[in-house]
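One structure is given below, encoded as structure tokens.
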Amino acid sequence: MRKKIVAGNWKMNNDKQETTTLITALKAKGAFNGVEVKIAPTAIHLSQAVTELNDSAIEVIGQNMHQATNGAYTGEVSVGMLQSIGVKSVILGHSERRAYFNETDEALAEKVKTAVAHDMEVIFCFGEELEDRKADNHFAVVENQLRKALFDLDSADWKYIVLAYEPVWAIGTGETASPEQAQEMHAFIRNLVEEGFGAEIAENVAILYGGSVKPANAQEIFSKSDVDGGLIGGAALNADDFFAIVQSI
Ligand code: 13P
């Protein structure tokens with residue numbers, strides 16, 4: 001059985017007090033019915049979040065990390081730094097990192113390699129832009145992103161990989177991929193992983209959908225057979241909405 005995962009990407013939101021307030025509200029929500037629930041506060045609040053959630057099933061994850069293990073990289077965070085405060089999973093390749101911070105497929109391949117070499121789970125994000133979809137190029141774009149960043153991995157590394165398909169046109173726009181569009185792409189992705197790494201790895205890799213997931217649309221999206229959960233942005237900043245999404249699986 002594949003894992004079911006709902007992860008909240010808080011992006012650059014919530015100060016120290018707001019982080020505590022949201023965590024307190026999430027902790028009050030109770031059981032998650034076998035769903036792995038994760039939250040990704042900003043880097044300077046990770047340590048605080050780990051402490052505040054130490055008696056909770058909610059896992060704290062990073063939003064990003066550098067590919068080097070240490071050195072002169074002002075402003076960056078390493079895999080060892082994350083692990084030293086109890087963070088075991090990190091989002092890599094988010095479209096905002098690609099678009100605003102020039103993260104290339106090559107750099108992302110290095111980041112993924114560093115993470116898995118240190119037993120760090122990776123939630124690897126990818127997805128096409130609106131022009132790609134309009135030009136009917138979305139499958140080729142996604143295939144290219146996956147091949148460049150993940151297809152040099154060893155089969156054994158795939159136990160650390162979670163995939164997150166996030167069509168850029170659906171992020172923060174209120175527009176979601178239809179459940180059918182999500183399923184079509186997720187099935188394509190799983191098939192690609194099967195071609196590269198075999199049926200067992202493909203069957204076991206969790207593929208999350210991200211892009212304007214809300215309580216009102218989560219159930220329909222999660223009902224699709226190749227959608228194993230969600231990566232949630234805006235709706236993850238509200239405990240009631242996030243919990244409602246978790247319960248939609
Ligand atoms: P929204 O849910 O706000 O569209 O953001 C999705 C996302 O980018 C999660 O990483």
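Can you find a residue in region 69-86 that is in contact (Cβ under 8 Å) with a residue 12 or more places away in the chain, touching a Gly at 6+ places or on another chain (Cβ under 6 Å), more than 16 Å from the ligand (Cβ to nearest atom) and closer than 15 Å to Ile123 by Cβ? Checked region 69-86: at least one residue is in contact (Cβ under 8 Å) with a residue 12 or more places away in the chain, touching a Gly at 6+ places or on another chain (Cβ under 6 Å), more than 16 Å from the ligand (Cβ to nearest atom) and closer than 15 Å to Ile123 by Cβ. The residues of region 171-199 that are more than 18 Å from Phe139 (Cβ to Cβ), touching a helix residue (DSSP H, G or I) at 6+ places or on another chain (Cβ under 9 Å) and away from the ligand (no atom under 15 Å from the Cβ), listed by number, are Phe197, Gly198. Residues that are free of Cβ contacts under 8 Å to residues at least 60 places away in the same chain and surrounded by 18 or more Cβ atoms within 10 Å (Cβ to Cβ) within region 239-249 comprise Asp241, Ser248, listed in sequence order. I need the full set of residues from region 173-192 which are surrounded by 12 or more Cβ atoms within 10 Å (Cβ to Cβ), part of a helix (DSSP H, G or I) and of a type in the set (D, E, K, R), in order please. Once the filter is applied, which keeps residues that are surrounded by 12 or more Cβ atoms within 10 Å (Cβ to Cβ), part of a helix (DSSP H, G or I) and of a type in the set (D, E, K, R), region 173-192 yields Glu184, Arg190. With respect to Glu121, is the statement that it is under 22 Å from Ile221 (Cα atoms), within 16 Å of the ligand (Cβ to nearest atom) and open to solvent by 20 Å² or more (accessible area, probe 1.4 Å) true? It is false that Glu121 is under 22 Å from Ile221 (Cα atoms), within 16 Å of the ligand (Cβ to nearest atom) and open to solvent by 20 Å² or more (accessible area, probe 1.4 Å). All conditions but one from (1) closer than 26 Å to Ile58 by Cβ; (2) touching a residue at least 12 places away in the same chain (Cβ under 8 Å); (3) away from the ligand (no atom under 16 Å from the Cβ) apply to Asn144; the one that does not is (1).
Lys214 meets the conditions (1) surrounded by 23 or more Cβ atoms within 10 Å (Cβ to Cβ); (2) within 14 Å of the ligand (Cβ to nearest atom); (3) modelled with pLDDT of 95 or more in every case but one. The failed one is (1). In this structure, Lys38 does not satisfy being farther than 18 Å from Glu121 by Cα and either surrounded by 19 or more Cβ atoms within 10 Å (Cβ to Cβ) or among the basic types (Lys, Arg) (or both).
The values are calculated or read from the model by the stated rules, or taken from the named source; none is laboratory data. Note that the structure is a prediction, hence the values are computed from the model and not measured. Cβ sites come from the backbone with ideal geometry, for glycine too, and all protein chains shown count toward neighbours. Surface accessibility is based on the protein's heavy atoms, side chains included, excluding ligands, DNA and RNA. Shrake-Rupley method; radii C 1.70, N 1.55, O 1.52, S 1.80 Å.
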